[in-house]
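Engineer: First the structure, then my questions, so here it is.
The values are calculated or read from the model by the stated rules, or taken from the named source; none is laboratory data. All figures in this text were calculated on a predicted structure; none of them were measured in a lab. Here Cβ is always computed from backbone atoms with ideal geometry, including for glycine, and neighbour counts include all displayed protein chains. Each accessible area value is taken on the protein alone, full model and side chains, heavy atoms only, with ligands, DNA and RNA left out. Shrake-Rupley method; radii C 1.70, N 1.55, O 1.52, S 1.80 Å.
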Amino acid sequence: MEKSCFSPNDFKDASDSRKIQAAINAARDAGLNEVIIPRHNAQKQSTVWTIDETILLPSHMTVVIDNAHLRMADGVIARMFCNSEADSALGRTQAGEQTDIHIVGRGDALLDGGLPNGLDEFTSLKDGMPHIQMNVTIHLHNVRHFSIENLHIRDQRWWAIELLFARDGVISDVRFELTRHEQDSCARWRNQDGVDLRVGCSDILIRNISGETGDDTIALTALTGPRHEARQLVEGRDTDIHDVLIQNVRAVTNMCAIIRLLHQYGNKIYNISMRDIFDVSRPGESNRTQMVLRLGENGYHGGNPANMAKPFDMYNITAENIHSRAMTAILTACTIKNFHARDVFVHTDGGYVWTCGGHNLHMKGDQCFIYLPAREEEAQRRKVYPGNAGDGLIGENILIENVYHTARRADKPAALCSFNASRVKNAVVRNVCCEDDLPLYTLSNPAGALDVRFENVRIAGEALRDERLSI
């Protein structure tokens, strides 16, 4: 009788990775499209599958992780999952695009980064080390029709999910967990992003993302500079990021952003919709987020004007139902056009509603809380990354409406909004209710051509006349 499904338990090998790969290869050769990794590792009589080599996925393949625990082997430098033509010569062509690749969990499907392996952004490409990208948990390059669903990802060694030139796909029901707060506080920064869409990604749904990440929870970064993206371009393919829907994110992040959009080198980001984004951190118990939404940054690769974002290469961005206790709910830091945010809630000890320009957040010591168990409170603060708005910052057609600022704190923000080296045209902030007695805005390093209208604002129970900031 022909087999209808393969499992790594069907194969004998010293390596769990090779058993999983053998099951995938056998399924492919038999014309089947599914492999199930069960909870029980029969050969080792264990509930853990140790990964010491990257598992390569062909087209038309679904890997089901059925309540299984996959853990990266100590000291090994490798991705956990990768499509089989990723980064290859064929994979950098349109003809090399792979299709229908799916990584799907059942129950508690755990992908575990294990212990740090010595490869980080400080050792990358030094002393024989490979690029830090080899520490990504799931890497898909030049793939169409894909899904990554129902996974629990713990202690990723760098970014958890990285996509380049991926389209028509879904990332859904992914929970991130970090367990090494005390150790990581003493180590160099590991940049533990959650979901990263890099150049060439489009038509993607990201939904039901939760948990804690050590850097940006979701990052859309259209970069083609000297980093690894330049070596992974697909000939003839668009390098922009566009048509992405992000829904229901409930996250805690370590000083960074819950959602970050970044573009440089002439690449564009457009048609991005975000809704139901919750900063679920708790004062004194969780890391402090800098921004819930971080939109743009100039000078990201050293401030070379040739590399900076071009005016309005980020456009048609919407956000709805944003909940923040971050230092600022929304940061717009360069060249955005047609941005609409509505239903923005700032809770507990949250800061600004909108920071425009360089994010000088004017808070107590410009520091933010990092949750480090068993540390004294004074050791639980780190300097905020200063950021760089660059020159020629422009925003046009910005609407932020239905704002509820209920935060009350001793080291409260200087105002509801902050404008630093900003040039903005046709911006409106309206329907604002602020329980604390805060000014509408602070203004520093004015760059001219600043046009912002405040409409229907109530501060500490008092209704204000409409106001216009115009320079």
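Engineer: Looking at (1) more than 19 Å from Val199 (Cα to Cα); (2) out of contact with any Asp or Glu (no Cβ under 8 Å at 6 or more places or on another chain), which is the one condition that is false for His323?
Structural biologist: (2)
Engineer: When residues of the stretch 442-463 are filtered for being part of a strand (DSSP E or B) and in contact with a strand residue (DSSP E or B) (Cβ under 9 Å, 6 or more places away or on another chain), how many remain?
Structural biologist: Residues in the stretch 442-463 being part of a strand (DSSP E or B) and in contact with a strand residue (DSSP E or B) (Cβ under 9 Å, 6 or more places away or on another chain): 14 in total.
Engineer: When you go through (1) open to solvent by 10 Å² or more (accessible area, probe 1.4 Å); (2) under 22 Å from Leu443 (Cβ atoms) one by one for Gly350, which number turns out not to apply?
Structural biologist: In the conditions (1) open to solvent by 10 Å² or more (accessible area, probe 1.4 Å); (2) under 22 Å from Leu443 (Cβ atoms), Gly350 misses (1) alone.
Engineer: Here are some conditions: (1) modelled with pLDDT of 55 or more; (2) within 23 Å of the chain's Cα centre (by Cα); (3) in a strand (DSSP E or B). Glu401 meets all but one. Which one does it not meet?
Structural biologist: The failed condition is (2).
Engineer: Related question: Filtering the stretch 211-254 down to residues that are among the hydrophobic types (A, V, I, L, M, F, W, C) and open to solvent by 20 Å² or more (accessible area, probe 1.4 Å), which residue is modelled with the highest pLDDT?
Structural biologist: Of everything passing the filter in the stretch 211-254, Leu245 is modelled with the highest pLDDT.
Engineer: Is it true that Asp349 is part of a loop (DSSP other than H, G, I, E, B), under 15 Å from Arg325 (Cβ atoms), at pLDDT 85 or above and in contact with a strand residue (DSSP E or B) (Cβ under 8 Å, 6 or more places away or on another chain)? Steps first, answer last, please.
Structural biologist: Values: part of a loop (DSSP other than H, G, I, E, B): yes; under 15 Å from Arg325 (Cβ atoms): yes; at pLDDT 85 or above: yes; in contact with a strand residue (DSSP E or B) (Cβ under 8 Å, 6 or more places away or on another chain): no.
Taking the combined requirement at face value, the residue does not satisfy it.
Engineer: List every residue pair whose Cβ atoms sit under 7 Å apart, with the two residues 6 or more apart in sequence or on different chains, where the first one lies in the stretch 203-218 and is of a type in the set (Gly, Ala, Ser) and the second, anywhere, is part of a strand (DSSP E or B) and buried (at least 24 other Cβ atoms within 10 Å of the Cβ).
Structural biologist: Ser210/Ala251; Gly211/Phe176; Gly211/Ala251
Engineer: Look through the stretch 415-441, keep the residues that are open to solvent by less than 40 Å² (accessible area, probe 1.4 Å) and in a loop (DSSP other than H, G, I, E, B), and return whichever of them is nearest to Asn321 (Cα to Cα).
Structural biologist: Ranking the candidates gives Leu416 first.
Engineer: Look through the stretch 165-182, keep the residues that are under 14 Å from the mean Cα position of the chain (by Cα) and aliphatic (A, V, I, L, M), and return whichever of them is farthest from Ile241 (Cα to Cα).
Structural biologist: Val174
Engineer: Given the conditions (1) open to solvent by 20 Å² or more (accessible area, probe 1.4 Å); (2) farther than 22 Å from Trp158 by Cβ; (3) touching a Lys or Arg at 6+ places or on another chain (Cβ under 8 Å), and given that Gly284 satisfies all but one, which numbered condition is not satisfied?
Structural biologist: For Gly284, the failing item is (3).
Engineer: Which condition does Asp173 not pass, out of (1) at pLDDT 95 or above; (2) part of a loop (DSSP other than H, G, I, E, B); (3) acidic (Asp, Glu), if it passes all the others?
Structural biologist: Going through (1) at pLDDT 95 or above; (2) part of a loop (DSSP other than H, G, I, E, B); (3) acidic (Asp, Glu) one by one, Asp173 breaks only (2).
Engineer: Could you tell me whether any residue of the stretch 359-377 is modelled with pLDDT of 90 or more, closer than 17 Å to Asn254 by Cβ and of a type in the set (Ser, Thr, Tyr)?
Structural biologist: No, there is no match, as no residue in the stretch 359-377 is modelled with pLDDT of 90 or more, closer than 17 Å to Asn254 by Cβ and of a type in the set (Ser, Thr, Tyr).
Engineer: Restricting attention to the stretch 121-169, which residues are acidic (Asp, Glu) and in a strand (DSSP E or B)?
Structural biologist: Scanning the stretch 121-169 gives Glu149, Glu162, Asp168.
Engineer: Next question. Show the residue pairs that are 6+ apart or on different chains and have beta-carbon atoms under 7 Å apart, the first residue being within the stretch 395-422 and within 27 Å of Asn316 (Cα to Cα) and polar (S, T, N, Q), the second being open to solvent by less than 40 Å² (accessible area, probe 1.4 Å) and not in a strand (DSSP E or B).
Structural biologist: Asn420/Gly358; Asn420/Ala389; Ser422/Leu393
Engineer: On to the next question. Would you check which residues across the stretch 137-162 are farther than 19 Å from Ala251 by Cα and not β-branched (Val, Ile, Thr) and list them?
Structural biologist: Across the stretch 137-162, the qualifying residues are His139, Leu140, His141, Asn142, Arg144, His145, Phe146, Ser147.
Engineer: For the stretch 94-116, give me the residue count where each residue is touching a strand residue (DSSP E or B) at 6+ places or on another chain (Cβ under 9 Å), modelled with pLDDT of 95 or more and open to solvent by 20 Å² or more (accessible area, probe 1.4 Å).
Structural biologist: 9
Engineer: Just to be sure before I move on: is Thr47 surrounded by fewer than 19 Cβ atoms within 10 Å (Cβ to Cβ), more than 29 Å from Arg144 (Cβ to Cβ) and β-branched (Val, Ile, Thr) in the structure I sent? Spell out how you get there, then give the answer.
Structural biologist: Numbers: surrounded by fewer than 19 Cβ atoms within 10 Å (Cβ to Cβ): yes; more than 29 Å from Arg144 (Cβ to Cβ): yes; β-branched (Val, Ile, Thr): yes.
Criteria met by Thr47.
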